Amino acid sequence: MGAMNATEVRERETMCPLPGLLIVLSGPSGVGKGTVCARLRQRNPEITYSVSATTRMPRRGEVDGQTYFFKTKEQFQRMIAAGDLLEWAQYAGYLYGTPRAFVQQQLDMGHDVLLEIEVQGAQQVRTQFPEAVCVFLLPPSIEVLRDRIVGRGTECTDALQARWQALESELRMVHAYDYAVTNDDIDVACVHIEGIVHAEKARASRQARIVEQWLQEEVTNVISID
Ligand code: 5GP
């Protein structure tokens, strides 16, 4: 094989870029994942957002294919059976899941992909993509979160107890994450998450793949000069 010229090297780099980073934003219900995710997308339009599938009904203003892919239970179950979902979970009586093919394609093209999902799904992603960076969003205090749940005063004591127990187990999942970021101020939380993404992308183990590629190309060049 002959030496590659500069154009060929550039073409090859474009053909096989470093895979993108899979960013999982998760945490207990009521912590503001959706709001932080929306601000992150606004601030970083280059990050690809993965639109989830769900069996819940659209809320006012939600658009099929943009907010969620709204599915019937039967359609969703077919997606599970076909292995089309990277992860899925039942939450508040509905099914939610991440379409696998889109995420994989985007990562292969070198694009960073953001998932905003609840904690059970985040664990499944971790198993399948050990190199994903998993961020757990924390409330500023337990009182703030409790007040959000209890404060509405619409639920009976048993229902509150059940919600609190669910919250407790969600909070305990923090140990399974790489980072925990407090959502006190949305922009500050975004700045912290952006810092984490930059640091993850600068990991020597990640960058080493580029260096390996350079070295291989140099070896090819040297051999062909000889
Ligand atoms: P909502 O119905 O309020 O939009 O979302 C309810 C919960 O489902 C939120 O905690 C959200 O993070 C989570 N969720 C949204 N999409 C997915 C998904 O694809 N997979 C999983 N596991 N959870 C999701």
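Just one of LEU18, LEU25 is at pLDDT 95 or above, of a type outside the set (Val, Ile, Thr) and either under 20 Å from the mean Cα position of the chain (by Cα) or assigned to a helix (DSSP H, G or I) (or both); which is it?
After ruling out the rest, the residue left standing is LEU25.
In segment 64-76, which residue that is of a type in the set (S, T, N, Q) and under 11 Å from THR54 (Cα atoms) is nearest to the ligand (Cβ to nearest atom)?
THR67
Output the number of the condition that ALA204 fails; it satisfies all remaining conditions of (1) more than 21 Å from PRO45 (Cβ to Cβ); (2) of a type in the set (Gly, Ala, Ser); (3) surrounded by 14 or more Cβ atoms within 10 Å (Cβ to Cβ).
That leaves (3) as the condition not met.
This table checks each residue for (1) under 19 Å from CYS37 (Cα atoms); (2) in contact with a Leu (Cβ under 8 Å, 6 or more places away or on another chain); (3) surrounded by fewer than 16 Cβ atoms within 10 Å (Cβ to Cβ).
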| site | (1), (2), (3) |
| --- | --- |
| GLU131 | no, yes, yes |
| VAL150 | no, yes, yes |
| LEU167 | no, yes, no |
| VAL181 | yes, yes, no |
| ASP185 | yes, no, yes |
| VAL188 | yes, no, yes |
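Can you name the residue in segment 104-144 that is part of a helix (DSSP H, G or I) and closer than 13 Å to MET173 by Cα and is also farthest from the ligand (Cβ to nearest atom) among such residues?
ARG126
Can you say whether MET173 is within 15 Å of the ligand (Cβ to nearest atom) and either acidic (Asp, Glu) or closer than 21 Å to CYS37 by Cβ (or both), as far as the supplied structure shows?
Answer is yes for this residue.
The values are calculated or read from the model by the stated rules, or taken from the named source; none is laboratory data. Please read all numbers here as calculations on a predicted model, not as lab measurements. We place every Cβ from the backbone using ideal geometry, glycine too, and count neighbours over all the protein chains shown.
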